Structures are given as structure tokens and as C-alpha cells.
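What follows is a short report on a single structure.
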Amino acid sequence: MAWKSIKITKGSGGYGGPLIITPTEQKHQFIYVTGGERPSIVDRIEKLTGMKAVDAFKTSIPDEETALAIIDCGGTLRCGIYPKKGILTVNVLPTGKSGPLQKFIHPEIYVSAVTDKQVALVDDSTETIATTAVTAPISETEETTAPKYDSSKKLTEQLHHTSFIAKIGTGAGKVVATFNQAAKESVQTVINTIIPFMAFVALLIGIIQGSGIGKIFAKLMSPLAGNVVGLCVIGFVCSLPFLSPLLGPGAVIGQVIGTLIGLEIGKGTIPPQYALPALFAINTQNGCDFIPVGLGLEEADSKTVEVGVPSVLYSRFINGVPRVLVAWVASFGLYAK
Amino acid sequence: MKYITGFASGFMNLFQTGGKTFITWMSTIIPVVLLLLVLMNTIISFLGEERMEKLAKASSRNPITRYMILPFLAAFMLGNPMSFSLGRFMPEFYKPSYYAALAQFNHTSNGVFPHINPGELFIWLGIAQGVQKLGLNTMDLAVRYLLVGLVMNFIGGWVTDFTTAYVCKTSGVILSKEVKLSVKEQGETDAA
């Protein structure tokens, strides 16, 4: 028999990977440690690779012979225990780095939210050379495992029928795990991106308001941001094609100017309806620093990038001031007393 | 001595003022944004990226879907910067325009749906916090921001078609307006 390598990528909402699993003479079995039910990817991996699946709840095999571990862990222990042992781990639930062993979970060894679709063959059959030498151990394992874990569909279908309670259990587990994972990601986003910027801006506000620079700034800013001509000037300057890429990075400048205008609105020096055109005026340079990267994400040709960079800069320039004007018109009646 | 204490308390006042602002944001803005993020991330991981890819393939044909509907949904579903990756289903000529429209959708929808672009939230929040301070409802502003964005971002994407044509003309580069029939796009012809 010939073993084949497979590539497993993360599924929707998943983490880690892609993993390439190449069965070898020593590692030609994989385990699944899932509560009660045999996930369909177990059958798929068996079919594609030619490896043998072992239910680790019933039989155990030595760690050094385990090519892969399939788990359905919502984020407590199992998702960390196999990576800790150095075993490639596939989680059918969308669990990321979590649990007490999370430091062992990294994309080179762990992939999650895997369904049948994420398992694909790698077109590389270098491993076939080694097969003849190991026919004996294979037949041995086949003897022990084949009767129990026949990969024919009827048996698995039967399993599905008998364990419908398990099915409800895993379904509920999936919902809870997805929510839980989303919560973990959201907390990370808040901690890593929102709170640091808040701290920075809050410090800036403290310095501006506490030191009296604010008064100077208010004199400078309110004639600009407090009427439509001034806002158009801001929008025009920000959209100048030679300036806009410099103003873009991380939207930091736009965010700081926005905060300063916000302060003046809060104090009452700029009427609140100007908030809407101001939102457009401070961001006419939107994304101008990011064009090559963004086009890269769109898998654009190098020629497209060459044309796309000046093209987007020009279109931002053409659109900049009209955007502010339209927003100004749309602000009529906003917060009117 | 008087000057030194005066200076020191003035100096500390800067941080106390900043600290007050910070803790107000932490107790008002953070909880709401966090819970919204949790729900949105959950919905998105249930709906999945595959469905968005199908939509992207179908949307490349006309400007309305290309620069209004698709970028709006892409920003909502995938956020900044992953929403850009859907541009790979566009013909080469339209990729800069999709970029132009989408980059703006990543901001204009951010007032109503802050999960789209939490890293650059202060473009919106910086101004909105002033409005909030006056005791006004920021959602009025957020909805108008989104609606004006919907129209103007579309126009922005569409105008980029013309600037791309202009740059192509001046530099002598020809970009395909057809969807390439590479291996990846093969599925598209099947689906269509």
C-alpha cells in the first residue's frame, strides 16, 4: 500500500496550520480522541493517506508512533496536551490558543475548526519508497484494528444512528466553543489594539487640556473644523496625492485630528452637526499608504499594482472634497434642536 | 519651593486629566464594543468565509455589486484587512477600484459596527466621543456616516475605474477586464 501526504488547513473561524502530514514507516497511525462520536474527517484522512485510525478512548498507541491526533476540545486540556507531546493536532472545533497548556499551541503543530473540506492531498508521493519494508507491521496493526474500525460507511452510519445523543452533545459543544473562541479573540483585540490606542489618546488629551495647548489649538481648529469651507480645506490637504500616503499609516494622524475635533465638539466650540463632514474630512487619505499591500491581498499582478497605486491616489484626490460636501449636505437636521 | 510644587502638581494634572478620560472610555465604550465584537465574531465564524467567496465571484460583473454591495458585506464579514482578499475574484482592471471602495467601507461602517476595524476605531470614536459628551445619541451620527459612505464609497470605486483607465493610457499598460481562467477561477465558470 502507498501512503500519501495530506495538507490540513484551518476552517472557518479556526486557528493555526496549515499542517502537512506525511505518514512514515514509524508514524502510520493516527488517533482520534473525541467524545463518543467518530468525526467524518477521520474517515477522510484514512481514505486519503492510507493511515490507520485508532480510537484513543479504547486503544492506545505509543506517542512516537502517532502521526496525528484528532480532537474535539473546546479549549481546556486536550487541545494543549498533544501539542505538548509534539504530536500534530487537529481540532474539529474552532478553538485557538487556550487552556492551561496554551503555550504549546502554535500554528506549526496545531490547526482547528477542521472539516472534511480542509483536508486535501499533497501531490508528492516520495513516501512510497519505504512501503515494502514495513508491510509486516502494517498487517499486524490491520489485524488488531481492522475489525473494530472498518472505514466502510455502513459502520460509521450505524455509529451515527446509535449515538444521536452524542451528536446533540457535540452540536451544543460546537456552539459554545465557537462563542467562547469568539470571546477570546475579541478580548485579545480589545487588549492588543483598542486599549493601547485609548491610553495614547487619553494621554494626549490630558496633555492638551491640562497644559493650555488646548486653548491655542481651539483657536486654530474651530475656524477650520467649525465650517464647511475649513473642512473642505482639511479634506483637500489630506487627499493631495503626494501627501496622502504619508498621512495614512495606521490612520494615526486621522485618529488624533479626529480626537482633537471631538474635544472641541464636546466643549461646544464646534457645533455637533459638523461631526459628520468632519468624519469624512479627516479621512480623505483613507488607505493611501496601504495600496500595494491591499492589492497584494487581492492577489493583483505587479502591473496592476503599478497602475493601481497612482490610480487610487488620483481617485482619492478627486473624491476627497466632494465627499466632505456631500456629508455636509447630509448633516442638515442632525442634532437640530 | 513654591514653583517646584506648582510645576509638579501641574505636571501630574496632565496625567490625572488623561486618566479620567481613559477610565470614562473604559467603563462606557469598552464593554459595549467588546460584547459586540464577541457576537459578530461568532456570527462570522458560523457563516464562514466560503459563502463570502461565492458572493465575491458573483459580484464582479457590475459596478453596483462590485463597489457597493460586495465591499459593504466584505467589510462587515471579514473586517480590515482580510476583506481585501476577496478582491482576488475581480478582473485585474477592477482591483484598484475595489480597493478604493473597500478601504473606505472599513471606516464608514465602523460607527455602527465597530468590529470591522477596531484598530482604527478612533477615526470614528475621536469625533463621536465629543458628540457623546454633549449627551447626544451617537447612533444618529453613525447611521448617517454609514449611509453617506454607502453612496460616496461606491462613487469612489467607480471613479477609480476612470483614473485606472487614465493611468493605463498614459503608461501604456493594458489590464484585463475579464476574469482570468486560471485553475483557481475554474470553479467560477462551473458555478456560473
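The table below lists the values:
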| quantity | calculated |
| --- | --- |
| Across the protein assembly as shown: Cys residues that no other cysteine approaches within a C-beta distance under 4.7 Å | A:CYS232, A:CYS238, A:CYS288, B:CYS168 |
| Surrounding net charge for A:PRO83, when Lys and Arg each add one and Asp and Glu each subtract one, Cβ distance under 14 Å | +3 |
| Cβ crowding within 10 Å averaged over residues, with B:113-119, B:172-178 ranked highest first | B:113-119, B:172-178 |
| For the stretch B:49-171, size of Cβ-based charge dipole, Lys and Arg +1, Asp and Glu -1, in debye | 220 debye |
| Cα shape, the stretch B:1-59, gyration tensor, a/c 1.5 rule | prolate |
| By average C-beta atoms within 10 angstrom, highest first, the peptides A:320-327, A:292-299 | A:320-327, A:292-299 |
| Hits among lysines - C-alpha to C-alpha of A:LYS267 under 25 Å, sequence gap 8 or more where chains match | A:LYS215, A:LYS219, A:LYS337, B:LYS20, B:LYS133 |
| Where the protein assembly as shown is the region considered: accessible area per residue in Å², 1.4 Å probe | 46 Å² |
| The stretch A:171-291 - Debye-derived log10 I(q)/I(0), Cα point model, q = 0.14 Å⁻¹ | -0.71 |
| Rounded to the nearest 10 Å², the accessible area of B:ASP140 at probe 1.4 Å | 70 Å² |
| HN-Hα J in Hz across the stretch A:59-71 - Karplus 6.51, -1.76, 1.60, θ = phi - 60°, x for Gly and Pro | 10, 10, 10, x, 4, 6, 9, 8, 7, 6, 10, 9, 10 |
| Debye, to nearest 20: dipole size of the stretch A:66-116, +1 on Lys, Arg Cβ, -1 on Asp, Glu Cβ | 260 debye |
| Other protein chain Cβ atoms within 10 Å, averaged over every residue that makes up A:193-201 | 6 |
| Derived scalar couplings ³J(HN,Hα) [the stretch A:292-306; Karplus, 6.51 cos²θ - 1.76 cosθ + 1.60; whole Hz; x for Gly, Pro] | x, 5, x, 5, x, 5, 7, 6, 7, 5, 5, 5, 5, 5, 4 |
| The stretch A:7-81: trypsin sites (Lys or Arg not before Pro) falling in loop per DSSP and having at most 15 other Cβ within 10 Å | A:LYS58 |
| Cα gyration tensor shape of the stretch A:236-285, rounded if a/c is under 1.5, else prolate or oblate by comparing a/b with b/c | prolate |
| Pairwise label distance in nanometres, A:GLN188 with A:LEU243, each label 7 Å out on the Cα-Cβ vector | 3.9 nm |
| Selected from B:LEU121, B:LEU70, B:LEU150 as most flexible by GNM, with chain B as the system and alpha-carbon contacts under 10 Å | B:LEU121 |
| Cross-link reach list, lysines versus B:LYS177, counting only Cα pairs under 16 Å and skipping chain neighbours closer than eight places | A:LYS303, B:LYS57, B:LYS95, B:LYS169 |
| Ellipsoid semi-axes in whole angstrom, largest first, where each is sqrt(5λ) of the Cα gyration tensor of chain B | 42, 20, 15 |
| Amide H contacts of A:ILE71 (H built 1.01 Å from N, under 5 Å, at least 5 apart or other chain) | A:VAL33, A:VAL90, A:ASN91, A:VAL92 |
| Overall Cα dimensions of the stretch A:238-317, principal axis frame, Å, largest first | 50, 19, 19 |
| FRET efficiency for A:VAL252 and A:THR115, using Cβ-Cβ distance with R0 set to 45 Å, rounded to 0.05 | 0.70 |
| Total charge dipole magnitude, the protein assembly as shown, about the Cα centre, Cβ charges on Lys, Arg, Asp, Glu only, Debye to nearest 20 | 1820 debye |
| Euclidean distance between Cα centres, the stretch A:309-337 to the stretch A:251-274, Å | 17 Å |
| Of A:LYS4/A:LYS184; A:LYS52/B:LYS54; A:LYS27/A:LYS58; A:LYS4/A:LYS167, those spanning more than 26 Å from alpha-carbon to alpha-carbon | A:LYS4/A:LYS184; A:LYS52/B:LYS54; A:LYS4/A:LYS167 |
| Peptide A:320-326, shielding by other chains (average Cβ, 10 Å cutoff) | 3 |
| Average silhouette area of the protein assembly as shown, convex hull of alpha-carbon atoms, in square nanometres | 31.2 nm² |
| Inter-chain Cβ neighbour average for residues B:157-166, partner chain, 10 Å | 5 |
| Proximal charge balance of B:MET82 [Cβ under 14 Å; K/R count +1, D/E count -1] | -4 |
| Portion, in percent, of the accessible area of the stretch A:183-238 that falls on carbon or sulfur, probe 1.4 Å | 78 percent |
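The values are calculated or read from the model by the stated rules, or taken from the named source; none is laboratory data. Here the structure is a predicted model, which is why all the values come from computation and not from measurement. Cβ coordinates were reconstructed from backbone atoms using ideal geometry, including for glycine residues, and neighbour counts include every protein chain displayed. Just so you know, the surface numbers come from the protein's heavy atoms only, side chains and all, with ligands and any DNA or RNA stripped out. Shrake-Rupley method; radii C 1.70, N 1.55, O 1.52, S 1.80 Å.
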